[in-house]
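First comes the structure, then the notes that go with it.
The values are calculated or read from the model by the stated rules, or taken from the named source; none is laboratory data. This one's a predicted model, so the numbers in the text were calculated from it and none came from an experiment. Cβ atoms come from the backbone with ideal geometry, glycine included; neighbour counts cover every protein chain shown.
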Amino acid sequence: MIKILAISGSLRANSSNTAILRAAIGLAPDNIDISIYERLGDLPHFNPELDTESVPASVKDWRTRLKESNGVLICTPEYAHGVPGVLKNALDWIVSSGEFMDKPTAVISASPSPDGGDKANASLVQTLTVMTANIVEGATLLIPAISAKVNNKGEVTDSATVQAVSSLVNALAGAINCANN
């Protein structure tokens, strides 16, 4: 069983980015278990003085969940042309511990704007690359005009978006299989 940890860069209960991750769960083949990390907002502000042997429990849980996953799928909105602070904070907690090192990773940005959150996507890919994550070829995606592609029940209604997310999940799974062989 392939274990993928999905991370939404939004804390909103009705986030379209989280809806995309839920769609990915439904599109994943039977041998892939995608679980959404729901405690991003529980992480304290990153402080190097707290990054010791006895890190806060929420940080330990975050690192453990990443370590136990075979791959990572991140879907984020774009805030002020960048990655939301809560997501950047979570990544800062991983810089020194290395859970992203060579980890197959897929990146989606979904935005109401026509550019699909391209600046957040580029920023996130750059940050993950510095952290030595393995950004999988064919596993980055920009979803523009997301508001028109997710209904009020949180379901992805746009067939092209569904197909693109399905292809991304398959690309990530293929990279994980290659890494494990």
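Key figures for this structure:
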read-out	value
Selected residue (criterion: surrounded by the most Cβ atoms within 10 Å (Cβ to Cβ)) from residues of the stretch 128-137 that are more than 17 Å from Ala6 (Cα to Cα) and touching a helix residue (DSSP H, G or I) at 6+ places or on another chain (Cβ under 9 Å)	Met131
So Ser97, is it in a loop (DSSP other than H, G, I, E, B), under 30 Å from Thr52 (Cβ atoms) and not acidic (Asp, Glu)	yes
Hits in the stretch 73-127 (condition: β-branched (Val, Ile, Thr) and within 17 Å of Thr140 (Cα to Cα))	Ile74, Thr76, Val83, Thr105, Val107, Ile108, Val125, Thr127
Members of the stretch 151-181 that are among the β-branched types (Val, Ile, Thr) and either more than 18 Å from Ala6 (Cα to Cα) or exposed (fewer than 11 other Cβ atoms within 10 Å of the Cβ) (or both)	Thr157
Residue that is nearest to the chain's Cα centre (by Cα), among those in the stretch 100-121 that are closer than 19 Å to Asn89 by Cβ and either among the hydrophobic types (A, V, I, L, M, F, W, C) or modelled with pLDDT of 95 or more (or both)	Val107
Test: residue in the stretch 62-82 that is surrounded by 20 or more Cβ atoms within 10 Å (Cβ to Cβ), more than 21 Å from Asp42 (Cα to Cα), in contact with a strand residue (DSSP E or B) (Cβ under 8 Å, 6 or more places away or on another chain) and not hydrophobic (A, V, I, L, M, F, W, C)	yes
Filter pass, Lys149 being among the basic types (Lys, Arg) and either within 22 Å of Asn14 (Cα to Cα) or in contact with a Leu (Cβ under 8 Å, 6 or more places away or on another chain) (or both)	yes
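The rows are residues; the columns are (1) closer than 16 Å to Thr18 by Cα; (2) part of a loop (DSSP other than H, G, I, E, B); (3) hydroxyl-bearing (Ser, Thr, Tyr).
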| position | (1), (2), (3) |
| --- | --- |
| Ala106 | yes, no, no |
| Gln126 | no, no, no |
| Thr129 | no, no, yes |
| Ile135 | no, no, no |
| Leu142 | yes, no, no |
| Gly154 | yes, yes, no |
| Gln163 | no, no, no |
| Leu172 | no, no, no |
